[in-house]
């Protein structure tokens, strides 16, 4: 190949030299025959033609050289193609990545839920603090009777029953009082008398001396002033709870009652002060603020909520409260709503009975009504106090004891403005469980009492009648149905709704219990039993 190329180049060079010689001879001849100008033009034209021929020859040589180089490198040429997508492999990678992300997220969430309370206490310096169990002391009916009804007897001396004067008497005292002059006179006579022989002491009986006293308008004014002063003391246990919604439209509104309710201080656990409040106006709030009776403010956190009553417990850290506020506010004193003396007794509605901060006076008109809910039944007090459908607060007796939590959700038609309240005795255990974060066991049943008279007349077992079975409840899964009569839960015999609630309160959610019940089969009832795993009340 190289020899042939050399021969081609030699031939080309020879042709160039021959063409140059020919041009020179032609130019000589032209110069002889023509003038100098013609000779110049001819020589110029000949030079142009010579250069064109040389250019063409060079281009041919270059093209030949390029073709030669291309043919020399043909054996190492390659074509780059895109790699095809493996869809199955790509899908596996996507699923693996998503699964790992999900697992990581779950682990992170569980870790946060487990560590967040401890970290919060550690950062606040309260990591070693143990929470105290909140207990609301029980009060029997005798403990709320009037003092004059439990006066001790002394067998060795005469008894002279002396009532308190009008300016010092309790508002629950009787309408008759004793004359202080007569009391002093009787006492002096007894002191001057000769000692009574031992044989005659048994025949002496207590003497009660009465004097009729008429009350003037000034006396009524004093009574109301005392009631007002008592309400101010009760107000130290009340707070105003305000929900801060996510939107800011409420800021421009002059009426903030749609976001406010009255809360009751029920106690503290050593870490937080606990407040009982209706949750209806607080649901979905971004923040929950609290204002105490002395005007100080703070932020609340939700601790526990009962979906049946709509009552919830909220807490504010003691470390965040002003020391003076902690001294000025007190936990409420809870009375008894089961006392026979509560019916017809004078009471006050304190808080927001009129929808705003207010005080109303009246009397309890009914204490025997019950509100049946899922796995529970609570006492409902009715009063003759005319208030607002949006009322909140508490009912207190003349001793300043809370006997009811105002609730306007169960008012009768046409009685929407009368003040109703949950009896404090019926919800006392509920408040304790919510305050201590205790889960309450449940079957998912709405039950009602069967009176002894009805049980005897209709020849049906004594127990509680199933009125409704909740969907997706343990009772429904076990096969209990409307019309069944529950007679026993575990080792507890069930004769009424209170027995039913007590049987559930002594066990934990998730516990397996044996439920004994009777089912109607025609004209008779068949006794049956079944094992049920208890659920958790929401």
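Every read-out reported here was derived from the displayed coordinates using simple, explicitly stated rules and does not represent laboratory data. A quick note: this is a predicted structure, and the numbers were derived from the prediction, not measured. Every residue, glycine as well, gets a Cβ built from its backbone with ideal geometry; the counts of neighbours run over all protein chains shown.
Highest average first, the peptides 458-469, 90-101, 371-382 ordered by how many other beta carbon atoms sit within 10 Å of their residues are 371-382, 458-469, 90-101.
For the stretch 260-401, a Kirkwood hydrodynamic radius built from all Cα pairs, placed in the Stokes-Einstein relation at 4 °C and 1.567 mPa s, yields a translational diffusion coefficient of 78 µm²/s.
Which of the three applies to the stretch 330-370, rounded, prolate or oblate, going by the alpha-carbon gyration tensor with a ≥ b ≥ c and a/c under 1.5 meaning rounded?
Numbers: a/c = 2.18, a/b = 1.43, b/c = 1.52.
Judged from the Cα gyration tensor, the stretch 330-370 comes out oblate (a/c at least 1.5, b/c at or above a/b).
Between residue 326 and residue 227, the C-beta separation translates, for a Förster distance of 30 Å, into a calculated FRET efficiency of about 0.65.
Restricting to Cα pairs below 8 Å that are 6+ residues apart, what does the relative contact order work out to for the stretch 340-434? Please round to a whole percent.
On the way: 217 pairs, mean separation 24.5, N = 95.
Once normalised by length, the contact order is 26 percent.
Cβ crowding within 10 Å ranks 337, 388, 237 as 388, 237, 337, fewest other Cβ atoms first. The alpha carbon centroids of the stretch 397-443 and the stretch 508-534 are separated by 30 Å. In this label model, residue 92 and residue 524 are separated by 6.9 nm, measuring between points 7 Å along each Cα→Cβ vector.
Work out the FRET efficiency for residue 257 and residue 294 from their Cβ-Cβ distance, taking R0 = 25 Å, and round it to the nearest 0.05.
Details: r = 22 Å, r/R0 = 0.88.
About 0.70, to the nearest 0.05.
Kindly rank 278-290, 416-428 from highest to lowest mean number of other beta carbons found within 10 Å of each residue.
Details: 278-290: 16.9, 416-428: 22.0.
Highest to lowest by the protection proxy: 416-428, 278-290.
For the pair residue 467 and residue 113, a Förster radius of 51 Å applied to the C-beta separation gives a FRET efficiency near 0.85, rounded to the nearest 0.05.
Which of the peptides 430-438, 406-414 is most tightly packed, and how do the rest follow, judged by the mean count of other Cβ atoms within 10 Å per residue? Can you show the working numbers first?
Numbers: 430-438: 18.9, 406-414: 14.7.
Packing proxy ranking, top to bottom: 430-438, 406-414.
From the square roots a ≥ b ≥ c of the eigenvalues of the alpha-carbon gyration tensor of the stretch 340-434, which class results: rounded (a/c under 1.5), prolate (a/b over b/c), or oblate?
Numbers: a/c = 1.41, a/b = 1.24, b/c = 1.14.
Judged from the Cα gyration tensor, the stretch 340-434 comes out rounded (a/c under 1.5).
Using a ≥ b ≥ c from the Cα gyration tensor of the stretch 439-531 (square roots of the eigenvalues), is it rounded, prolate or oblate, where a/c under 1.5 gives rounded and otherwise the larger of a/b and b/c decides, a/b for prolate? Taking the square roots of the gyration eigenvalues as a ≥ b ≥ c, the stretch 439-531 is prolate.
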